[in-house]
Amino acid sequence: MPVSLPRLIVRDVSGGQHEVEISRTPFSMGRLSDNDLVLLDGRISRHHARIIQGEHGYLIEDTESRHGTYLNGERITSSLLKPGDQISLGVSDNYTLCFDVDQAELPSLLEKLGEATESSAPQLHHLSVLLELAQTLHRAPALEQVMTTLVDAGLQLADAERGMLFLREDSGELRLRVARGRGGIFLSTKLADYSHSVVERVVRYGREEVVLEEENTGRAPQETGIISGEVRGVVALPLQKSPMVDMHGDTLQGTVPELLGVLYLDSRARASALTGLDRQVLQSLAVEGATVIENARLFRVTREQERIRQELSVARNIQLRLLPRALPHSDYFQLQALTTPCETVGGDFYDVIRLPEDRFGLAVADVSGKGLPAAMLAASLQGAFAAVAAGDPDLAQLFHRANEYMVERTSPEMFATVFYGVLDRSGRFDFVNAGHPAPLVVRASGVVDRLESPNFPLGFFAGTTFTVDKLQLGQGDLLLIFSDGVTEARDSEGELLGETRLRDFLGGCAGQEPQEVCGRVMAEVRNYAGAAPQADDLTLTVLRFGSGGSPAPRPESGLAPK
């Protein structure tokens, strides 16, 4: 019986596409990170729909979603799925899911191989089946299944007793991955009684070997007049990735075929028959075997990359939820904040902490490195820092405790730059800058000041003391706190934007609303970088002190507006 391998082909609004295998049921879909398929769209319900396996196949069920579940354009509560069905969750302009089922056709092909050996013209049938095998296996099933099928096909084509498949590891070493006997019997992958010399010659010269040899000595029978052991026939085929050919000017340049592995077959009972195989059959088997192995490897890599991308997407969703859900509304200041990682997740974060007596703490941090390790440390630091800061301790003591936390719980090469300040209604702003880029103050007059501070980053040294500095903000003054992703944005030539350019630009932003300043700074960074990729995580907060104007809402995702 063919084995069904159901999957969803997921397409987003930008045209991006990836595949998710339905490896278990119920298979849940929705916005929250505990779903099997997480879809980041606010219009999709937290737990929107699910796929279950019923008596007659797979069914999709709506789980009381807000905007409904649609199958081929029609709203449903429960419906049987068939290959090619189009699924929409909520509204039509978000994700589109296509249900598909691959039929595992290898067993039927092996049956055809068996029938071919009984034919009066087996070699022609063998070649025909090999071509059909090549057409069928373009879907690249699991690598283990491919390897087993290839060995079994070789056993039947050669009528051999044993078949072994060696694959080259990343280290370059050959490793026996599959060993099979006739009749579909699995043999130990620790076998050592094969012809090592034949395998070594195939690896060295990249050509098939078809030989008779004495089992004890490894020599051909004609090399000695005394046969002290059994004679076995050996067929060994190199499985090679097809060479690539590039055109450079008027010259064609080819690459040497890359060895993927060796298919080894041997027989004692019918040794001489084994060596009489048609070379064309062997070459076809080697070509198709190498193609199938390479496709299966690429498929495995793609699936692993997709799994990692899905996990990173979930991690990004969690990281966004750690940011303030809404920035505070106050009659004496307005605030805007955003963060954009250079990868799916990043090591920057910002936070706002409500304190007694209508005061607010504002934090911006940048953990060393990028990607998942930085994001994990950033989440840990954000939680620890916020928990201590909420108790309203002395700022020097707060940073001492945060520094000890970093030193004790992280490796020596990891550190974090952190800026944290506390603002009250009079405009007094007490702050500590632990190695973070110096914030800039844009006075209402247009003068731009730089907030200097001599402290080390968190995590450098145990027992470090931190200096607390003070700033007095006036009506209409702007305070910009940012990570180095702003000033270290690079153009196509690799030159940094730098603080001087940023300060010159900010002189023209005096008196503007925080949301407008954020948008203008981000536009300046993008225009300067041009087509150059974002090289570092970027976080920006803008605070405008004084009454007047209304606080701008923070973007829901916490990302910079495109």
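So the values come out like this:
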read-out: Sole residue being out of contact with any Gly (no Cβ under 7 Å at 6 or more places or on another chain), in contact (Cβ under 8 Å) with a residue 24 or more places away in the chain, among the aromatic types (Phe, Trp, Tyr) and surrounded by fewer than 16 Cβ atoms within 10 Å (Cβ to Cβ), chosen from Phe466, Phe461; value: Phe461
read-out: Qualifying position, being in contact with a strand residue (DSSP E or B) (Cβ under 9 Å, 6 or more places away or on another chain) and closer than 20 Å to Leu540 by Cα, among Asp366, Asp392; value: Asp366
read-out: For Leu137: the one exception among (1) at pLDDT 75 or above; (2) on the phi < 0 side of the Ramachandran plot; value: (1)
read-out: Leu282 vs. criteria open to solvent by less than 10 Å² (accessible area, probe 1.4 Å), within 30 Å of Ala158 (Cβ to Cβ) and at pLDDT below 75; value: yes
read-out: Some residue of the range 407-422 being surrounded by fewer than 16 Cβ atoms within 10 Å (Cβ to Cβ) and modelled with pLDDT of 95 or more; value: no
read-out: Test for Ile44: is it in contact with a Gly (Cβ under 7 Å, 6 or more places away or on another chain), without any contact (Cβ under 8 Å) to a residue 60 or more places away in the chain and hydrophobic (A, V, I, L, M, F, W, C); value: yes
read-out: Selection count, the range 54-85, where residues are at positive phi and in a loop (DSSP other than H, G, I, E, B); value: 5
read-out: Identity of the residue in the range 469-504, open to solvent by 90 Å² or more (accessible area, probe 1.4 Å) and part of a loop (DSSP other than H, G, I, E, B), that ends up farthest from Arg409 (Cα to Cα); value: Gln475
read-out: Count of the range 55-71 residues which are in contact (Cβ under 8 Å) with a residue 12 or more places away in the chain, exposed (fewer than 12 other Cβ atoms within 10 Å of the Cβ) and farther than 20 Å from Leu39 by Cα; value: 1
read-out: Which listed residue, of Arg43, Arg50, is under 17 Å from Val10 (Cβ atoms), of a type in the set (D, E, K, R) and surrounded by 16 or more Cβ atoms within 10 Å (Cβ to Cβ); value: Arg50
read-out: Selected residue [at pLDDT below 85, among the hydrophobic types (A, V, I, L, M, F, W, C) and open to solvent by 50 Å² or more (accessible area, probe 1.4 Å)] from Ala535, Ala552, Ala560; value: Ala535
read-out: Boolean, Val210 is aliphatic (A, V, I, L, M), modelled with pLDDT of 90 or more and open to solvent by less than 60 Å² (accessible area, probe 1.4 Å); value: no
read-out: The lone exception for Asp449 - which of (1) open to solvent by less than 50 Å² (accessible area, probe 1.4 Å); (2) closer than 20 Å to Phe333 by Cβ; (3) without any contact (Cβ under 8 Å) to a residue 60 or more places away in the chain it fails; value: (1)
read-out: Only listed residue being at pLDDT 80 or above and of a type in the set (Val, Ile, Thr), chosen from Val262, Val292, Val256, Val301; value: Val262
read-out: Pair list, Cβ under 9 Å, 6 or more apart: the range 72-96 residue more than 20 Å from Glu55 (Cα to Cα) and open to solvent by 50 Å² or more (accessible area, probe 1.4 Å), other residue in a loop (DSSP other than H, G, I, E, B) and hydroxyl-bearing (Ser, Thr, Tyr); value: Gly73/Ser92
read-out: Residues satisfying the stated conditions in the range 423-439, i.e. closer than 23 Å to Pro514 by Cα and either crowded, with 19+ Cβ neighbours inside 10 Å or of a type in the set (D, E, K, R) (or both); value: Leu423, Asp424, Arg425, Arg428, Phe429, Asp430, Phe431, Val432, Asn433, His436, Pro437, Pro439
read-out: Index of the failed condition, Val38 passing every other in (1) within 27 Å of Arg321 (Cβ to Cβ); (2) at pLDDT 90 or above; value: (2)
read-out: Qualifying residue in the range 25-36 (condition: over 23 Å from Asn317 (Cα atoms) and either among the polar types (S, T, N, Q) or buried (at least 17 other Cβ atoms within 10 Å of the Cβ) (or both)); value: yes
read-out: Per-region count, the range 85-109, residues out of contact with any Asp or Glu (no Cβ under 6 Å at 6 or more places or on another chain) and modelled with pLDDT under 80; value: 12
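The values are calculated or read from the model by the stated rules, or taken from the named source; none is laboratory data. Since the model is a prediction, treat every value here as computed from it, not as a measurement. Because the Cβ atoms are built from the backbone with ideal geometry, glycine has one as well, and the counts that use them run over all protein chains shown. All accessible areas refer to the heavy atoms of the entire protein, side chains included, with ligands and DNA or RNA removed. Shrake-Rupley method; radii C 1.70, N 1.55, O 1.52, S 1.80 Å.
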